[in-house]
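Values in this text are rule-based calculations from the coordinates and carry no lab data. None of the values given here were measured: they were computed from a predicted structure. Cβ sites come from the backbone with ideal geometry, for glycine too, and all protein chains shown count toward neighbours.
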Amino acid sequence: MSKRQTSKQSKLLIEHPNTTEISESETRQNEKHSNSRIQESNTYFWRAHTVTALIIVSVVLVYVTMFEIPSADSAFNMRRGVIAVTLVFILVATIHMPDGPFLRPHPVVWRLVMSCSIVYLLFLIFLLFQNHDDVRQFLVIFDPKLGRPLPERTYAEDCRLYVPENVENPYFNMFDKMDVFVPCHFFGWWVKALILRDFWILNILSFLFEIMEYLLEHQLPNFGECWWDHWILDFVFCNGLGICFGMLTLHYLSAKTYQWRSLYNIPTFKGKLKRAIGQFMPYSWTSFHWGYMESLYRWLVIWCIVLFWMVMELNTFYLKAILWVPANHILNFYRVTLYALIGSVSIREMHDYLDDKTNIFGRQAWITVFLIIVEVLIEIKFGEEIYSVPWPRWVVIVIVGSLIAWCLYTIFYFYSLAKIHSTKKSK
């Protein structure tokens, strides 16, 4: 065994005192992964191609400068200039940013995701320095149909499951709620399960969001839903089934054996096709153990993650109401997709940071937290007509009571836990 392997085993024994032996099979598996990564990095698609990208961008700019006839439309020129600046920034950032924690389907994909999140952050900061009217009209650049007030709608007008007056369809109220957002909720919670990888945290988030819809209905009327829409259609079926399917997927991915060969070393076409499809599978799998009850520090960090996740979810509804963006608009889809991608990286970085695998707060996690904060600031600045609505007394009582109960439980549990540990040490 080499000196590097021996030092690695000694380090693991120091970090994990209960470990008495590092298996040879695990060492061989790590060597296989390292050899596979070295082989892939030497192939064409894993090289940086920085010179090629520089030549292509330079040729495009030379064409624009030397051969293109300038337009007299100032608005068109400014819009195209902003697009060009954004694309060049994304290109430079994608090429030169360091790799993240994920290797599949390609590290450049996750560098691209991070650069897009920075562009979105800069866009939000630009909006933050506009006035109330300009911030809404600015979005007309993306779609001329934007910039118009949205109709307010509540889903709790008639909560009867069976309507005898409607002869043609007595169950109209129930089927009316079965729109395109039902499969979106299901698929969304499936993805959230793949990101967070913890059954209880997922269910806490699902439960809290339904509660927040009750508490914030006075600000956003579309949060108003029937009881069966909240707890049966959403919490049990859409959210619950999505979480269950996500946990089953996690079980499959954790039980799968990950052994990779370079595409050029596979002789058959079927094998190459299977390997190409496998490029979109994880390179290896890391199961999350959050350990939220093990220490006060981990407990508080997990609840900070839950808090920011909940705020991010609520920002979806507040932003579209304040900026007049319809729920089915493509901009909402872009935002949700971006958060799903950066969320997967951020949660992985937070888990590694919490487990002391790194002493640096992750780059993508830092940007994600900053994004959520700036979104909240935009809502506060431009959403005075929403936030000026008086809070019902019962809502204030529920929020304050819940915070007091959470604080008391935290103090009682971890005080008792510390007392138990001190008793064990004294013995």
Given Lys192/Lys381; Lys256/Lys357; Lys192/Lys256, the pairs whose alpha carbons are separated by over 28 Å
Lys192/Lys381
Are there any helices in the chain, counted as whole DSSP H runs, that stretch 30 Å or more along their axis by Cα and score at least 1.6 on average by Kyte-Doolittle, and if so which?
107-128
Starting at the first residue of segment 221-226, write each ³J(HN,Hα) from the Karplus equation 6.51 cos²θ - 1.76 cosθ + 1.60 with θ = phi - 60°, in whole Hz, x for Gly and Pro.
x, 6, 6, x, 9, 6
Note, ³J(HN,Hα) from phi for segment 162-174, Karplus 6.51, -1.76, 1.60, rounded to Hz, x at Gly and Pro:
10, 10, x, 5, 8, 5, 5, 8, x, 9, 4, 4, 6
Pick from Gly271, Gly224, Gly240: which is most flexible by mean-square fluctuation in a GNM of the chain where alpha carbon atoms under 10 Å apart are linked?
Gly271
Residues listed by number, segment 319-336, amide nitrogen under 11 Å from Val180 label point at 7 Å toward C-beta
327-330, 333
Can you give the FRET efficiency to the nearest 0.05 for Val82 and Ala53, using r as the Cβ-Cβ distance and R₀ = 30 Å?
0.90
GNM result for the chain, Cα springs below 10 Å: residue of Phe187, Phe235, Phe142 fluctuating most strongly:
Phe142
Dividing the Cα convex hull volume of the chain by residue count, how many Å³ per residue is that?
233 Å³
Can you compute the FRET efficiency between Phe207 and Val62 using 1/(1 + (r/R0)^6), with r the Cβ-Cβ distance and R0 = 45 Å? Round to the nearest 0.05.
0.20
At 7 Å along Cα-to-Cβ for each site, give me the label-to-label distance between Ala327 and Tyr162 in nm.
2.8 nm
By the scheme Lys and Arg +1, Asp and Glu -1, what is the net charge of all other residues having a beta-carbon under 14 Å from that of Asp176?
-3
Modelled label-to-label distance, His289 and Leu273, 7 Å Cα→beta-carbon offset: nm?
4.1 nm
Which of the aspartates and glutamates could a cross-linker span from Lys270 if the Cα-Cα distance has to be under 20 Å and same-chain partners fewer than 8 positions apart are dropped?
Glu40
